[in-house]
C-alpha cells in the first residue's frame, strides 16, 4: 500500500517519554471503579487524572491545550497503558483532529482545550437507523432558515454514551440537491438544546453504551457548523481513520496481553488441548502480528503528512478479524471465564461481536476496498 519507511523518529526521545510516563503511573495509582459507578463516569475521572499529568492531547498544538508533540508520542502513552491493562487514553483523538483540520481558529481555541481537559464530554452523531455503514445515505437534515439558523430534524443511532455527554459532533444533510457525499455538513450540537432527546439502549453485555438520539426542530447557529457546508464527509473520514488505528486506541497492547496468556496456557496444556485449538492460538498470533505491522504503517504515513484514505478499511477488517478470533479462542482456552465472577474475557467476547458492525460493517469495508483500492468494476466483470 505504501513505500514509506517505518520512520518513528528518535527512539531515545520516545524512550524518555515512556520512562517519564511509567514514573508518573507509579506515583498515580489507577482509581478504583465504584460498585455502582457507570463506566463512562469512571473513565471520565481517569481522563481528568491523565490530563492533570499532561498525558492527553500530546499531538495537539500547545495553543489548543496540547503538548505539541507527534502522533507517535501519543501512541507510546496508549501503548504503555495497554501493556498495564489500564484504561486507555480518552477516545477523543479522532474528534480533536477533526476540529483541528476543519474548525476555524475561534472554534479550535474555544473547544479543544475544554475537550482535552475533560471539561466538555463529547459523543459522535454519525450513524442512523437507515444509514449506518452507508453514511452517505443519512436522512437527518439541517435546513437553513431566514434568520440564518439551521433547523435540524432526524434520528441518530449507536451514539456512544450520549446520556453522559455535553456536546455531540453531528452530521446532517444540508443540501438536498447535491450528490450524497457532497451534501453532508458537520455541527457542534449541545445536548441540552431544546428538541434533543437521548434514549439509552441495553447491549448484550449489559452495558448501556449505545443510545438513540432524536432531533426535533433543533436550532443551530451558523457558528456551530464545523467547516464549510459539504465538508461533513471529509470530516467523517478523518475521524474514522483515527478510530481504526489499533495503536491510537491502545487495542494492540490489550490484545498482546491476552495473546501472551494464550501462549502460556498453550505451552502448559499442549498435550491436553482439544484438536485444532493449538492451531487457533497460532492464527491469533499471526493476526496480531499482521495488525501490528499495518498499524505501524498507518502511523508512519501520518508522521509523513499523508492524509487518511480508503486504506483505513483494510485496517478495520484486520482489527475486526484479530479481535473476534482472539476472544473466541480465549473462551475455548479459558472456559472458566464463562462462569462465576470475573468473566472479563466473556464480556470482551460479547463486545467483540459488534466489531464487524460498528464503524462500518465488514461488508461495506470490502466494497470500499473493491471499488476504491482495487478499482474492480461494479458489475463484477473484468
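The values are calculated or read from the model by the stated rules, or taken from the named source; none is laboratory data. Note that the structure is predicted; figures quoted are calculated from it, not measured. Here the Cβ positions follow ideal geometry from the backbone for every residue, glycine too, while neighbour counts run over all protein chains shown.
Each residue in segment 278-306 was checked for being exposed (fewer than 14 other Cβ atoms within 10 Å of the Cβ) and in contact (Cβ under 8 Å) with a residue 60 or more places away in the chain, and 2 of them qualify. Taking the conditions (1) modelled with pLDDT under 95; (2) surrounded by fewer than 18 Cβ atoms within 10 Å (Cβ to Cβ); (3) in a helix (DSSP H, G or I) in turn, residue 248 satisfies each one other than (2).
Of all residues assigned to segment 43-56, at least one qualifies as being in contact with a helix residue (DSSP H, G or I) (Cβ under 9 Å, 6 or more places away or on another chain), surrounded by fewer than 19 Cβ atoms within 10 Å (Cβ to Cβ) and in a loop (DSSP other than H, G, I, E, B). The sole residue among 353, 375, 381, 325 that is part of a loop (DSSP other than H, G, I, E, B) and either at pLDDT 80 or above or touching a helix residue (DSSP H, G or I) at 6+ places or on another chain (Cβ under 6 Å) (or both) is 375.
Can you tell me which residue is surrounded by the most Cβ atoms within 10 Å (Cβ to Cβ) among those in segment 139-165 that are part of a loop (DSSP other than H, G, I, E, B) and out of contact with any strand residue (DSSP E or B) (no Cβ under 7 Å at 6 or more places or on another chain)? Restricting to residues being part of a loop (DSSP other than H, G, I, E, B) and out of contact with any strand residue (DSSP E or B) (no Cβ under 7 Å at 6 or more places or on another chain), the top hit is 158. Restricting the search to helices (runs of 4 or more DSSP H) fully inside segment 65-120 and requiring at least 1 residues that are outside the structural domain of residue 299 (by TED's automatic domain parsing) and free of Cβ contacts under 8 Å to residues at least 12 places away in the same chain gives 105-117. In segment 121-138, the residue that is nearest to residue 67 (Cα to Cα) out of those that are touching a helix residue (DSSP H, G or I) at 6+ places or on another chain (Cβ under 6 Å) and either in a strand (DSSP E or B) or without any contact (Cβ under 8 Å) to a residue 40 or more places away in the chain (or both) is 122.
For every residue, the table says whether it meets (1) farther than 29 Å from residue 42 by Cβ; (2) free of Cβ contacts under 8 Å to residues at least 60 places away in the same chain; (3) in contact with a helix residue (DSSP H, G or I) (Cβ under 9 Å, 6 or more places away or on another chain).
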residue	(1), (2), (3)
190	no, yes, yes
195	yes, yes, no
213	no, no, yes
218	yes, no, no
221	yes, no, no
